[in-house]
Amino acid sequence: MIISNFIDGTFTPPIEGRMMDDTNPANGELIAKIPRASISDVDAAVLAANQALPKWAALTMLQRADWLDKIADALEEIKEEIAQIESLDTGKPISLARSVDATRSISNFRFFAKFARGQEPLTFEMSDATNFVHTSPLGIVGLITPWNLPLYLLTWKVAPALLMGNCIIAKPSEITPLSADLLAKTMQRINLPEGVFNLVHGLGPEVGQAILENPHISGISFTGGTSTGRIVARTAAPLFKKLSLELGGKNATIILDDADLDTVVPGAVRAAFTNSGQVCLCGSRILIHHSKYDEFCKRFVEQVDAMIVGDPSDESTQMGPVISMEHLQKIESYIDLAIEEGGEILSGGSRAMTGQVGPNPAGAFIRPTVIGGLEHLSRTSTEEIFGPVVTLHSFSTDDEAIEMANCTEYGLAGSIWTEDAERGKELAKRVESGIVWVNTWLHRDLRTPFGGVKNSGVGREGGRWSLSFFSEMTNVCVKH
Ligand code: TXE
């Protein structure tokens, strides 16, 4: 398969002709050749976006909402193809690609179309004047997205950006380019005006950096690692571009003394190992009240031991490979570190420890891994691993649980499990993060603010937060 950039409504090879490989994490095989685009491709995309902008911005928000519904309808027709291609490119189980990635990629468009129709003009009345808040598009926006939920996270930005009248230069992760290509093909199929949505592929420090630096791109919405987020911020801030950063996490699953383990154990397993633990919201640190620790540990390890690690295309597979051999080696280095720091492997471990766990030795397979006995301030327990590795810790009081939850540099998400929802809600307010679930995990209302604090990012996405990020406001005050 050969993938091209999508610029000005057509699929075009990279101007400098450089290509790069896209491989299948389940077997190491070549899936596609993709552009290793450069600044000249970004310049061409910006030119196309500039030409498309006046007409696209001149539409009403409701007319653009109709376009979002058209995109959703067209994606719905190829939902199975989206799931298959996302599973192939990321290694995630086909069941997950269907239920999470394909489903949410479509609902992102449907949600923002519906949300738009519920918006009222914003006015503020004075005794002798009326203030009208007028919104206009930022103009051209750069969307840079990661490899863990490729289309899900790209469409989460594309939908509101289009709705608010912007034209887009999108750069998916070079590791998982295929579903973005499918989105571009869909845009072309429904005749979205040329130049409104442009897609360039390639390396972050090359084509990604070119997007950050382009003077005609007014806003950057970035989702990815914290270290890359620093580079994005350092480059874009002096240019006074609007910036949204959704970065890393090291989230706590907190199990209180009154929690019902029948509910908690499966919830904690799901929070820990969904998508091979490669979701920034995953519960990678599990804090358990000491009175529940032994029983939880026994039942949690039993369920993890029983998880089916297998070929992503197999319907019974619960966990596929991680995204690449390189990432697998990073994950295994943390398992080695955990042992050095005094940890005890309670389930799983490195390939060397557990032997070949997946259907193909060339695949980046590792068993879900549970580690006990570590200090909550150890490196393994505070640094983001972004893989199927969790650490277990016990606490005595709610205050101690909160102190442990808040001890890392991150602040993205967390969950609290208790039979007393009011107690959970009050405790949740003390967790330094953008999102806390009580007695559930990854239960999403797209109207709510999504994002993190500390090194998990700046800004929020979702509902009105997305609409305001992707627009500028002018307050018009009219004297009576
Ligand atoms: O991120 P990377 P990855 C985080 C997750 C993990 C990371 C994994 O916590 O840390 O994402 O995704 C491009 N200039 N989240 O490894 O490497 C790169 O090409 C411009 C948090 O993909 O940061 C890719 O397209 N761009 C999130 C994108 O940045 C550059 C949810 C991300 O790459 C660049 C999901 C540069 N210099 C994952 N270098 C959340 N908080 O919601 C790289 N890129």
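Yes or no, residue by residue, for (1) surrounded by 17 or more Cβ atoms within 10 Å (Cβ to Cβ); (2) of a type outside the set (Ser, Thr, Tyr):
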residue: 212; (1), (2): yes, yes
residue: 222; (1), (2): yes, yes
residue: 231; (1), (2): yes, yes
residue: 246; (1), (2): yes, yes
residue: 257; (1), (2): no, yes
residue: 262; (1), (2): no, yes
residue: 274; (1), (2): yes, no
residue: 292; (1), (2): yes, yes
Residues satisfying the stated conditions in the stretch 377-392, i.e. surrounded by fewer than 21 Cβ atoms within 10 Å (Cβ to Cβ) and either among the hydroxyl-bearing types (Ser, Thr, Tyr) or more than 19 Å from residue 278 (Cβ to Cβ) (or both): 377, 378, 379, 382
Would it be correct to say that residue 385 is within 16 Å of the ligand (Cβ to nearest atom), in a loop (DSSP other than H, G, I, E, B) and either assigned by TED's automatic domain parsing to the domain that holds residue 280 or more than 24 Å from the chain's Cα centre (by Cα) (or both)? yes
Has the stretch 194-210 got at least one residue that is assigned by TED's automatic domain parsing to the domain that holds residue 305 and within 26 Å of residue 324 (Cβ to Cβ)? no
By my count, helices (runs of 4 or more DSSP H) wholly in the stretch 391-480 with at least 3 residues that are more than 16 Å from the ligand (Cβ to nearest atom) and acidic (Asp, Glu) are 398-405
Just give me the residues in the stretch 74-133 being assigned to a strand (DSSP E or B) and not β-branched (Val, Ile, Thr), in sequence order. 122, 124, 125, 129, 131, 132
What single numbered condition from (1) closer than 29 Å to residue 29 by Cβ; (2) in contact with a helix residue (DSSP H, G or I) (Cβ under 8 Å, 6 or more places away or on another chain); (3) assigned to a helix (DSSP H, G or I) fails to hold for residue 364? (3)
Which number in (1) in contact (Cβ under 8 Å) with a residue 60 or more places away in the chain; (2) in contact with a strand residue (DSSP E or B) (Cβ under 9 Å, 6 or more places away or on another chain); (3) not assigned by TED's automatic domain parsing to the domain that holds residue 419 marks the one condition that residue 272 misses? (3)
Within the group 64, 98, which residue is surrounded by fewer than 21 Cβ atoms within 10 Å (Cβ to Cβ) and either charged (D, E, K, R) or free of Cβ contacts under 8 Å to residues at least 24 places away in the same chain (or both)? 98
Consider residue 26 carefully, then state whether it is assigned to a strand (DSSP E or B), at pLDDT 95 or above and buried (at least 19 other Cβ atoms within 10 Å of the Cβ). no
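The values are calculated or read from the model by the stated rules, or taken from the named source; none is laboratory data. On a predicted model such as this, the values are computed, not experimentally measured, just so you know. Note that we place each Cβ from the backbone using ideal geometry, even for glycine, and neighbour counts take in every protein chain shown.
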